[in-house]
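To start, the structure itself, in structure tokens.
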Amino acid sequence: MSYPAAGGHPEAGNIPAEPNAFIGRERDLADLISMLTHVRMLTLFGPGGIGKTRLALKLAAELTPDYPGGAWMVDLADADGPDRVVSLVAGVLGVRPEPDRPLGHTLAEALRGQSLLLVLDTCEHLVQASAELVQRLLSSCPGLRIIATSREALRVRGEVIWRVPPLGLPAADAGTGLSAAAMGEYEAVKLFVTRATAVRPGFSLYASNASAVAEICRTLDGVPLAIELAAARVRTLSAEQIRDRLASRFELLAFGDRTAPLRQQTLRATVEWSVDLLTEGERKLLSRLSVFHGWSLEMAEQVCADGQIPASAVLDLLSALIDKSLVIVDAEVGGDGRYRLLDTVRELSAERAEADGELPALRAAHRDCMLALATDIAGRAFLSGEPSWTERVVMYLRVLADRANYEIAILYCIARGDADAGLRLCNALSSSWLANGDVADGAAWIDELLAGTPVVPAPAGLRAKSLAVRSELAFEQQDFSGAARFAAAGLELSRASGDGNPASALRMQALTLLMAGQLPEAVAHADAALAAAAQMRDPWEEGIALAAKAAAVAGQGRLDDAQASYERALEVLSGNNRWGVANVLSGLGQLARARGDAAGAVRYFSDALAIYRQIDARPEMARCLGGIGLVALSAADLGTARISLSESLQLNLATGQRLGIARALVALAVVAIGVGDHERGVQVAGAAQALFETIGVQPSSVSRLRSVLDQGRKHLGQAAVDGAAERGRAMSPRQAAVLAMAPGPAAGPASPVSEPSAGVRAGSRPLYPPPASRATSASEVGPAGPTRLVEAGNGKGQPAVAAGDGQEPAWPGPLTDREREVASLIAQGLSNRAIGHQLFITQATAARHVANIFAKLGFKTRAQVTAWVIRSGAGGSDLASPQARRLNLMQ
């Protein structure tokens, strides 16, 4: 679907566009829209094929403008167990798991206080788990509305069940009393005619066929899926022939499962009838396609072709299945068409594949296909030179599009005890997991594949590489002791086997030592990682090892040495992976900030942020925005600091990352003190202290916390400070964030704030402390996390910076440059989809920008944005420059 986040998330919704016209149900929609103004939990209830999902998506699309956090769909159809319900919802909403904390708690905390619409599709096979999650979210998140689709009610408190009715049908005797035009006004007939016209443009409703069409719709009980399947046969059959064949087929199936609901019998009969009308080749391909959860043409050719179906015949057979409404055309990914099966069709097709004895071979072929795709992408994503940056971004999108297929393949390997193929899959996909931030499943899969005595064991070198990958996943989960343990095991196995990835293991040891404050040891291990990378002739590992070393030596106060190491890393990575380039730029931004080079810091952070935005790397975006905010704080530009730090805090809240939340709260407490709001500053600082203690991490900005409390005591007195801090400690992270970001006194000239670690002083020019005193916190000076996915340079040897190279960018205003550009396009009347096309971004990303604009400006409608653009002149010529910047980014 898309790659989202809610509320403060960078993308406000993932509801797909209508694939074809939505027919009928106008009254249902109006009633449901009205109902959802006072109902928080709505379940669309009914049999398969009745149109529950389509109605839910249409309803969500209509309601999206009412929810600043957007409308989000989570497909639970392929959840293979109760535990997957929470992880699927969290994955769609961009909420990352945290170590030693239930994911459901993190999810509820991330959504608390947001105005958001959530669609949970196909709940019936996991109704208990779905109900438990819904109850938790409803009780924790008052601004949340949920629409569920299910064949069984969830039975949670406050649930309103709406039985989705069949489409409107003409009465049995209507054929003689109504004209064709009047007959065509019934919803079921209108749907049949619309879909029939799509496959046979000359088709129309006449007096001669109106009665047959009406009878078809009645025979199919007004079930939309059944009607669409029947209408697809208009290409080869008349309405009368379809009516006759339907009646005959249903008579043959009348003695099936008498215990099944009538509509289920009817729907199954309709699907089976439609499949029975296929040619042998079409039927064979359809059953084989059931092994996929979405696919491309190339994937179908690789898995489904054999002596019976040559690869050259797959396209024509696939086209025939599309024409007959048995295969759905999905959204394109990187210019490649994507296809899927409706659930009912997939279920029946899988049964046929199993009955034919083909399913075991299909699953093995599917695993081989996914392994080949993953290893090809991983093998090309981190090379110097070609492919281009644009192509590598497409690789990333393709991995995301096939996430469910990769999961199916890995679980197949686990079930068969195939550690060799399973670990190769996990290693190839690890970069995608790290970039997306969804690492919990991958960590669990690697653990399972490494454990026990597998049927197909993995070579020692492969296990060594997997342990290094597992270390990176643990580091991402802030499990630093686990990361160190896995890195040590991987290094030992690499040395014993003479294979593996010792450079990665040594780098991870350097990073864990850095986090532990053992700086000389961290530098030594980074040097060892560099030597190992040189021996392996791996420029990617060399570049990120240089970045790790830069962070370690910066932590020692050796800023010149850190600068040289970062610059060398930038040189090594500039023609390689641009995600690594962004990490280096971010580290250079921290280094420039430590030196007191405000303009340089903002330039580096902005350039890194531009790359991170292209792949929606939200935690890294938060860090860059936090860096910009801290530079503004040092310059006593408290207005800019509040805006940047608030956006950083929103991103951390959106992904449930408590460490980032705590750090942003500290900085915003300093902002509050700077504008004279001492009580709020102390309260926010108290909340930050409590959160640091909960996480079990020492704050990296002790001096800022101390200065906030000192200033508070000076203006409020000890008793008032103690009370405010205690009230802050009692707040949830969400409550503290709301308080920290709430409008307060105007952020004009700052009152003096003692903030030595950030250099805040009154006046327009900051006074910076000596570099050594700024280098007390390694986690602030350089990147502490592992490097990740699929971004790379364009391979042309062009500069690694993304935009504004050689120029000092302007400070962000109330809106970022991109947001002002989007606002200008809103004022021109463009939809989110049109904005995405204009700016070369996804529709979901455009929606995220629109939501941010609404939140920052306090608006609820596009008309208000238009008025603001006209009033402020934000749509003038100053918006031409982002186009040039965009072209620069695309190079």
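Every read-out reported here was derived from the displayed coordinates using simple, explicitly stated rules and does not represent laboratory data. Since this is a predicted model, take the numbers as computed values, not measurements. Ideal geometry is used to build each Cβ from the backbone, glycine not excepted, and the neighbour counts take in all protein chains shown.
In a solvent-free Debye calculation with one equal scatterer on each Cα, what is log10 I(q)/I(0) for segment 356-505 at q = 0.09, 0.17 Å⁻¹, listed in the order of the q values?
-0.28, -0.99
Describe numerically, in nm with one decimal, the distance between label points set 7 Å from Cα along Cα→Cβ at ALA172 and at ALA313.
4.5
Would you mind ranking HIS525, HIS366, HIS715 so that the residue whose beta carbon has the fewest other beta carbons within 10 Å leads the list?
Listed from fewest to most nearby Cβ atoms, that is HIS715, HIS366, HIS525.
Local charge sum around ARG658 (other residues, Cβ-Cβ under 9 Å, Lys/Arg +1, Asp/Glu -1)?
Taking every Cβ under 9 Å from that of ARG658, the sum is -1.
Sorted by packing (mean other beta-carbon atoms within 10 Å per residue), highest first, where do 119-126, 37-44 land?
The packing order, highest mean first, is 119-126, 37-44.
Taking 0.36 nm per residue of sequence separation and subtracting the Cα-Cα distance, how much length would be gained by fully extending the chain between ARG163 and ALA531, in nm to one decimal?
125.9 nm
Could you give the length gained on full extension between GLU347 and ASP561, defined as 0.36 nm per residue of separation minus the Cα-Cα distance, in nm?
70.9 nm
By how many nm would the segment from ASP499 to THR279 lengthen if fully extended, with 0.36 nm per residue of separation less the alpha-carbon distance?
Length gained, ASP499 through THR279: 74.0 nm.
At 25 °C and 0.890 mPa s, what whole-number value in µm²/s does Stokes-Einstein give for the translational diffusion of segment 26-163, with Rh from the Kirkwood sum over Cα pairs?
165
Between ALA17 and ALA415, what is the FRET efficiency for a Förster distance of 45 Å, r being their Cβ-Cβ separation, to the nearest 0.05?
Once rounded, the FRET efficiency stands at 0.80.
What's the ranking of 283-290, 224-231, 103-110 by average number of surrounding C-beta atoms within 10 Å, highest first?
So the order, starting with the most tightly packed, is 224-231, 283-290, 103-110.
Add +1 for every Lys or Arg and -1 for every Asp or Glu among the other residues with Cβ under 12 Å from the Cβ of ALA742, and state the total.
Overall, the nearby charge balance is +1.
Given labels modelled 7 Å from the Cα in the Cβ direction, how far is it in nm from GLU571 to ALA720?
5.7
To the nearest 0.05, how large is the calculated FRET efficiency for ALA742 and VAL39 if R₀ is 35 Å and r is the Cβ-Cβ distance?
Efficiency computed from Cβ-Cβ geometry: 0.75.
Report the equivalent ellipsoid semi-axes for segment 580-758 in whole Å, largest first, defined as the square roots of five times the eigenvalues of the gyration tensor built from alpha carbon atoms.
Rounded to whole Å, the semi-axes are 26, 18, 13.
For a quick check: sort PHE475, PHE22 by the number of other beta carbons within 10 angstrom, fewest at the front.
The order, fewest Cβ neighbours first, is PHE22, PHE475.
Consider all pairwise Cα distances in segment 549-641 and report the whole-number % of them above 18 Å.
Tail of P(r) above 18 Å: 44 percent of Cα pairs.
Using square roots of five times the C-alpha gyration tensor eigenvalues, list the equivalent-ellipsoid semi-axes of segment 278-357 in whole Å, biggest first.
18, 15, 11
Taking the alpha-carbon centroid of each part, what is the distance from segment 271-340 to segment 13-34 in angstrom?
The two parts, judged by their Cα centres, are 28 Å apart.
Net charge around SER497, counting only other residues with Cβ within less than 12 Å of its Cβ (Lys, Arg = +1; Asp, Glu = -1)?
+1
Run the quick spin-label model on SER208 and ALA460: label points 7 Å from Cα toward the beta carbon, then report their separation in nm to one decimal.
Here the answer is 8.1 nm between the modelled labels.
Where does each of 678-686, 293-301 land if you order them by average Cβ count within 10 Å, highest first?
In decreasing order of mean packing, 678-686, 293-301 become 678-686, 293-301.
Using a Förster distance of 56 Å, how high is the FRET efficiency between GLN241 and SER139, based on the Cβ-Cβ distance and rounded to 0.05?
That pair, GLN241 with SER139, gives E of 0.50.
Got a sec? How would ILE695, ILE835, ILE611, ILE544 order by Cβ neighbour count within 10 Å, fewest to most?
Ascending number of Cβ neighbours within 10 Å: ILE695, ILE835, ILE611, ILE544.
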